[in-house]
Amino acid sequence: MLNFYILKKSFFLIYSNLFFFVIKLIYSQHTHCYYYNTVFQSGEVWEFVVKYNIGFITINAGYVRFTVDSITLRGKPFYVFKSYGSTNPSYDWIFKVREKFIAYSFCNPLKPYYYKRHSLEGNYFAIEEYKFDYNKKLVYSMVHTSKKGPFKDTIKLNNCGYDLFTAIYAFRNINFDTLKENSIIPINVIVDNQWENLYIRYCGKKLINIDGKNILTYEIKVKVVEGTIFKGGEDTIVYVTTDNKRLPIHVVAEILIGKVLLYIREYKPY
């Protein structure tokens, strides 16, 4: 029988290791670290199918959907990034997973303002909430899980620190062609009520085949933290299109048992 503990963890993998690599690519090109958006618009939608592979067996585990909206708060424009991930209904009786994320970002430049995660994994739930205060250089957090009651904290706001979702949209505005192959770039992102410092390795361009189509991409390897699910090391690869949209279209993540595979199956520019 497939290890469905691995299956449930694949959804957090999507939101962490797909996006961990993006943050300090910004440092490699400019003295400032927040980008002005030129590649996406409010109304954009994209969706991944999530597959779990072990040996010769591959199952369609679920999907993840991303949307972009806009809103005005206190006279200032913001982007609203939302995502929803779910196991396929046919697997809910084995292990039900539902993941919801929302992030508010300043439009110009793109930098985090508010972030919230709400996760249900079987009998386990987790809520994370972060509010970014640039005047006081602080992040106000609230974390509540089924294992630990709600608690609030105040964390120092690191320079160029990101939440996961503002980061993924910010990195799409980077010109990857200015990076040298095998460049290592450090990463700074807030996860689980603390700042994580990892890195990515830019590996150059690679032609991949999706649904019978050859697509030229940027290949990026991600350094992940060793734990109950991850081996640790550069075991996650993200492929990003080389056109002006710079979409992550395919992810291959080696885990302790098998692989998690993501393929983009829908994209609407606006």
Task: Whichever aspartates and glutamates have a C-alpha closer than 15 Å to that of LYS180, once near sequence neighbours (fewer than 8 apart) are set aside - done: GLU219
Task: Over 25 Å between alpha carbons, listed pairs LYS116/LYS259; LYS213/LYS259; LYS116/LYS221; LYS206/LYS259; LYS82/LYS152; LYS111/LYS148 - done: LYS116/LYS259; LYS116/LYS221; LYS111/LYS148
- [ ] Go through segment 243-254 residue by residue and turn each phi into a ³J(HN,Hα) via Karplus (6.51, -1.76, 1.60, θ = phi - 60°); whole Hz please, and just put x for glycine and proline.
- [x] 7, 6, 8, 6, 8, x, 10, 7, 9, 10, 10, 6
TODO: For segment 99-226, would you read off the P(r) tail past 22 Å as a percentage of all alpha carbon pairs?
DONE: 49 percent
Task: Under 16 Å from the Cα of LYS156 - aspartates and glutamates, other chains or at least 8 residues apart - done: GLU129, ASP133, ASP192, GLU196
Open item on the list: Please compute the Kirkwood hydrodynamic radius of segment 48-150 from all pairs of different C-alpha atoms, in Å with one decimal.
Closed with: 15.9 Å
Open item on the list: What percentages make up the Cα-Cα pair-distance distribution of segment 56-104 when the bins are 10 Å wide from 0?
Closed with: 22, 35, 23, 14, 6, 1
Open item on the list: For LYS96, give me every one of the lysines with a C-alpha distance below 16 angstrom, ignoring sequence neighbours fewer than eight places off in its own chain.
Closed with: LYS8, LYS9, LYS51
Task: Rounded Å value of the spacing that divides the Cα centres of segment 236-270 and segment 165-184 - done: 15 Å
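Bear in mind that the values in this text are calculations on the coordinates, not laboratory data. Everything numeric in this text was worked out from a predicted model, so none of it was measured.
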